[in-house]
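Notes to accompany the following structure.
The values are calculated or read from the model by the stated rules, or taken from the named source; none is laboratory data. Note that the coordinates shown come from a computational prediction; the quantities given were computed from them, not determined experimentally. Glycine also receives a Cβ, built like all others from the backbone with ideal geometry; neighbour counts cover every protein chain displayed. Heads up: the accessible areas ignore ligands, DNA and RNA and are worked out on the full protein's heavy atoms, side chains in. Shrake-Rupley method; radii C 1.70, N 1.55, O 1.52, S 1.80 Å.
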2 protein chains.
Amino acid sequence: MRPTAAVLSVGNEVLRGSVVNTNAAFLGKELSSFGFDMVAHVVCADDEDVISAKLRELIKQANLVIVCGGLGPTPDDVTRQGIAACFSEPLIFSKLQFSRLKNLYKKFRKKVPSLVSRETYYPRNAQPLLNRFGVALGFSVSTQGGLVIALPGVPVELKNMYVDIVLPLLKKRFPKVQAARCLIVRMAGISEPEVMKRFGKDLFTDSFDFGIYPMPGEVLIRILCDRQSVFLRLKKKINRRLGDRIFCWDDKPLTRVVGDLLKKKKKTLAVAESCTGGLLASEISSVPGASQYFKGGTVTYHRTVKEELGVPGNMIAKFGEVSSRVTCALAEAVRKRMNSDYGIGVTGIAGPGGGTRLI
Amino acid sequence: MRPTAAVLSVGNEVLRGSVVNTNAAFLGKELSSFGFDMVAHVVCADDEDVISAKLRELIKQANLVIVCGGLGPTPDDVTRQGIAACFSEPLIFSKLQFSRLKNLYKKFRKKVPSLVSRETYYPRNAQPLLNRFGVALGFSVSTQGGLVIALPGVPVELKNMYVDIVLPLLKKRFPKVQAARCLIVRMAGISEPEVMKRFGKDLFTDSFDFGIYPMPGEVLIRILCDRQSVFLRLKKKINRRLGDRIFCWDDKPLTRVVGDLLKKKKKTLAVAESCTGGLLASEISSVPGASQYFKGGTVTYHRTVKEELGVPGNMIAKFGEVSSRVTCALAEAVRKRMNSDYGIGVTGIAGPGGGTRLI
């Protein structure tokens, strides 16, 4: 049996959709790959009683509960109080945290603001977790069945604290957990029903956890299975039935797969985009090490900018800005301009008004 | 008293963090602005019993529960079954939905695949909600205290169905709800504690719902308050105390505020980015109508591309690629190249390895 985990995100801004809950996604991914069985993500309001009640419920359902958000200095941050109330414990003062804050503010020749000093408190039954990437104090509480960990909601602080502090803590507290064996298959140029048809019902005779996900431009299959023999047989059969559409046997995005190929073949790339407005360049360059093969991109939003790049004006006049001719000419022009081996051109009409009607 | 709402997202892929829950954010924003008080977002596994149990809990807490995801054609999609089980109802067949699917597949000279025909079933106590943007069938169930609505998890389908079908349904079912009065203040060039200090404790004598959110490059304050007099007084005081840092009194991002100014003054913009790799261009062009003022951008990832744009090689050699001199030269070069009124240059070192240590 795998241990179970849940994430409790605290914050009105998340509930009201002003902030997308990327923390839950980050923690879901990390905890699953550590070997936890994720049972729930919950988002609740900045309210001491609500936090305390939700946490009490989640502790019953999961061995590990990570609470994030609401540890800041302002009056709407009451996660500390909510967790303390859940365990009927008072908050106590951390001398160590205070002296760290004092030193930090000293650098800027300032005293610790009284608001910020709220961030030196934690529940009496907890262990403080010092945050090197911000001023909010995290903490962990050992429970009968497991562990509750509180982390700040600012994503960069949460991520860094997870890697630096939480991961070692989990390894110590849950030493026997093995990461789940996970098979990921990423495909392009094929629809979800077509993938299912080719996959075939006969494969479902073995027991495994199956998920299929259509995403813009691709379909992903994820299979969790602890038995090595089933795992290998599935992999072989999937390859035989869907191999011509598979671009990756891993959780790598297409930009990374292409980047790895370019690196291996020592080739370079440049892009010219119109409707995507820099999105493709930004995806390509977000891959670590992209500077080895990505020369750069240009956003040719206006017709005059397309012409300046080297697309003939009469070609645009004849075929229109959104045409395969102009798209190819853009690719060729940016390849020349940036002196790269490959060029990509993108044109199209991207209305911000939403999707195309299907039925 | 405002009516309450909750979102139940179904999907192992969301639990495990392979998909970021943008649906919950979208619904949270829409439902809040409609006038609902959001009480929870919950994410649960693709499991009939779990869906049924979580829904039962949420119905007790909220007048409206929107369930999203798990309505697809594949065997891991069991939201229909989970909701039916929650109400102890069987699933029934929708002739109308089947004939629509038949017509759709006829266009491609195909029969409805047997998998897809799973998407014609809905709980007997529900009203089907036809989806014009995909094949999954939505539905709504009237409960004692309110309404349960099931929508497909594919974001574009969910959004379009919300606007087309759900919103009119809510107006009918919750006719007296008034949108909450919401004051949003977006500031740049000031830290969160500094905002709080200037805001002042004296303003908290009135009762209102207050939230402050630090975000990359800005701080946002959100105040919900139904009393017009308090609302106006707060606005005036905030303007006096923080006006020099406020760039917007609305939920508009900086790119939109700048875009509106450019449109008004009939000026144009071009950008040259290095470390941000197209992200700025993509943010700018994602604003509807950006083509009126955004000429285009260039991603000058490699030094040679910077030189080609017009930044002198000896300037790069002397000051380095990441320097204010080169950044200004980039801005000037892209302004000339794209023949725009304004140019923006961005350089820097963007390690994908995470944040900078603070303490």
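When you scan the range B:311-324, do you find a residue that is surrounded by 15 or more Cβ atoms within 10 Å (Cβ to Cβ) and in a helix (DSSP H, G or I), even just one? Before the answer, list the steps.
Kept after step one, since they are surrounded by 15 or more Cβ atoms within 10 Å (Cβ to Cβ), are these residues of the range B:311-324: B:311, B:315-316, B:321.
Add one more test, that the residue is in a helix (DSSP H, G or I), and what stays is B:315-316.
Yes, the range B:311-324 has at least one match.
Could you look through the range B:285-297, keep only residues that are open to solvent by less than 10 Å² (accessible area, probe 1.4 Å) and either outside any loop (DSSP other than H, G, I, E, B) or under 11 Å from A:Val299 (Cα atoms) (or both), and pick out the one that is farthest from the other protein chains (Cβ to nearest Cβ)?
Step by step, filter the range B:285-297, then rank; the result is B:Ala290.
As an exercise: evaluate B:Lys252 against (1) free of Cβ contacts under 8 Å to residues at least 24 places away in the same chain; (2) out of contact with any Cys (no Cβ under 9 Å at 6 or more places or on another chain); (3) on the phi < 0 side of the Ramachandran plot and give the number of the one condition it does not meet.
Among (1) free of Cβ contacts under 8 Å to residues at least 24 places away in the same chain; (2) out of contact with any Cys (no Cβ under 9 Å at 6 or more places or on another chain); (3) on the phi < 0 side of the Ramachandran plot, the lone unmet condition for B:Lys252 is (1).
Would you check which residues across the range A:242-284 are in a loop (DSSP other than H, G, I, E, B) and away from chain B (no Cβ under 13 Å) and list them?
A:Trp249, A:Lys265, A:Lys266, A:Lys267 - these are the residues of the range A:242-284 that are in a loop (DSSP other than H, G, I, E, B) and away from chain B (no Cβ under 13 Å).
Please determine whether any residue of the range A:1-22 is at positive phi, facing another protein chain (nearest Cβ under 9 Å) and under 20 Å from the mean Cα position of the chain (by Cα).
Scanning the range A:1-22 turns up at least one residue that is at positive phi, facing another protein chain (nearest Cβ under 9 Å) and under 20 Å from the mean Cα position of the chain (by Cα).
Counting just the residues of the range B:118-132 that are open to solvent by less than 30 Å² (accessible area, probe 1.4 Å) and part of a loop (DSSP other than H, G, I, E, B), which one comes out modelled with the highest pLDDT?
B:Ala126
Show the residue pairs that are 6+ apart or on different chains and have beta-carbon atoms under 6 Å apart, the first residue being within the range A:167-193 and closer than 16 Å to A:Ala5 by Cα and without any contact (Cβ under 8 Å) to a residue 24 or more places away in the chain, the second being part of a loop (DSSP other than H, G, I, E, B) and open to solvent by 60 Å² or more (accessible area, probe 1.4 Å).
none
A:Gly211 fails exactly one of the following numbered conditions: (1) over 30 Å from A:Gly146 (Cβ atoms); (2) surrounded by 16 or more Cβ atoms within 10 Å (Cβ to Cβ). What is the number of that condition?
Only one criterion is unmet by A:Gly211, namely (1).
I'm told A:Val156 meets every condition in (1) without any contact (Cβ under 8 Å) to a residue 24 or more places away in the chain; (2) among the hydrophobic types (A, V, I, L, M, F, W, C); (3) open to solvent by 30 Å² or more (accessible area, probe 1.4 Å); (4) farther than 30 Å from A:Gly138 by Cα except one. Can you identify the failing condition by its number?
Among (1) without any contact (Cβ under 8 Å) to a residue 24 or more places away in the chain; (2) among the hydrophobic types (A, V, I, L, M, F, W, C); (3) open to solvent by 30 Å² or more (accessible area, probe 1.4 Å); (4) farther than 30 Å from A:Gly138 by Cα, the lone unmet condition for A:Val156 is (4).
Name the one entry in A:Ser32, A:Ser9, A:Ser52 that is open to solvent by less than 40 Å² (accessible area, probe 1.4 Å), of a type in the set (Ser, Thr, Tyr) and free of Cβ contacts under 8 Å to residues at least 40 places away in the same chain.
On the way: A:Ser32 fails: free of Cβ contacts under 8 Å to residues at least 40 places away in the same chain; A:Ser9 fails: free of Cβ contacts under 8 Å to residues at least 40 places away in the same chain.
None of the others qualify; the one that does is A:Ser52.
When you go through B:Leu170, B:Leu158, B:Leu183 one by one, which is the residue that is within 22 Å of the chain's Cα centre (by Cα) and within 11 Å of chain A (Cβ to nearest Cβ)?
That would be B:Leu158, the only listed residue that is within 22 Å of the chain's Cα centre (by Cα) and within 11 Å of chain A (Cβ to nearest Cβ).
Check off (1) surrounded by 17 or more Cβ atoms within 10 Å (Cβ to Cβ); (2) outside any loop (DSSP other than H, G, I, E, B) for B:Gly70 and give me the number that stays unchecked.
(2)
Just to be sure before I move on: is A:Val65 more than 9 Å from chain B (Cβ to nearest Cβ), in contact with a Ser or Thr (Cβ under 6 Å, 6 or more places away or on another chain) and over 25 Å from A:Asp251 (Cβ atoms) in the structure I sent?
Working: more than 9 Å from chain B (Cβ to nearest Cβ): yes; in contact with a Ser or Thr (Cβ under 6 Å, 6 or more places away or on another chain): no; over 25 Å from A:Asp251 (Cβ atoms): yes.
Against the criterion (more than 9 Å from chain B (Cβ to nearest Cβ), in contact with a Ser or Thr (Cβ under 6 Å, 6 or more places away or on another chain) and over 25 Å from A:Asp251 (Cβ atoms)), A:Val65 does not qualify.
Every residue, every condition in (1) farther than 21 Å from A:Ala281 by Cβ; (2) without any contact (Cβ under 8 Å) to a residue 40 or more places away in the chain, yes or no:
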position: B:Val258; (1), (2): no, yes
position: B:Ala270; (1), (2): no, no
position: B:Ser274; (1), (2): no, no
position: B:Leu279; (1), (2): no, yes
position: B:Gln292; (1), (2): yes, yes
position: B:Tyr301; (1), (2): no, yes
position: B:Thr327; (1), (2): no, yes
position: B:Ser340; (1), (2): no, no
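Looking at A:Val177, is it part of a helix (DSSP H, G or I) and farther than 29 Å from B:Phe108 by Cβ?
Taking the combined requirement at face value, the residue does not satisfy it.
Please go through the range A:274-290 and give me each residue that is farther than 15 Å from A:Ile349 by Cα and hydroxyl-bearing (Ser, Thr, Tyr), ordered by number.
Scanning the range A:274-290 gives A:Ser282, A:Ser285, A:Ser286.
Restricting attention to the range A:93-117, which residues are open to solvent by less than 60 Å² (accessible area, probe 1.4 Å) and under 15 Å from A:Gly138 (Cβ atoms)?
A:Ser94, A:Gln97, A:Arg100, A:Leu101
Look at A:Ala40 and say whether it is within 7 Å of another protein chain (Cβ to nearest Cβ) and without any contact (Cβ under 8 Å) to a residue 40 or more places away in the chain.
On the way: within 7 Å of another protein chain (Cβ to nearest Cβ): yes; without any contact (Cβ under 8 Å) to a residue 40 or more places away in the chain: yes.
Judged against the criteria, A:Ala40 is a match.
Checking B:Arg16 against (1) open to solvent by 50 Å² or more (accessible area, probe 1.4 Å); (2) closer than 23 Å to A:Arg222 by Cβ, which single condition isn't satisfied?
Every condition holds for B:Arg16 apart from (1).
With the structure loaded, tell me whether B:Leu220 is touching a Lys or Arg at 6+ places or on another chain (Cβ under 6 Å) and at pLDDT 95 or above or whether it fails that test.
Working: touching a Lys or Arg at 6+ places or on another chain (Cβ under 6 Å): yes; at pLDDT 95 or above: no.
Taking the combined requirement at face value, the residue does not satisfy it.
With the structure loaded, tell me whether B:Leu254 is closer than 28 Å to A:Gly153 by Cβ and out of contact with any helix residue (DSSP H, G or I) (no Cβ under 7 Å at 6 or more places or on another chain) or whether it fails that test. Give the derivation first.
On the way: closer than 28 Å to A:Gly153 by Cβ: yes; out of contact with any helix residue (DSSP H, G or I) (no Cβ under 7 Å at 6 or more places or on another chain): yes.
Judged against the criteria, B:Leu254 is a match.
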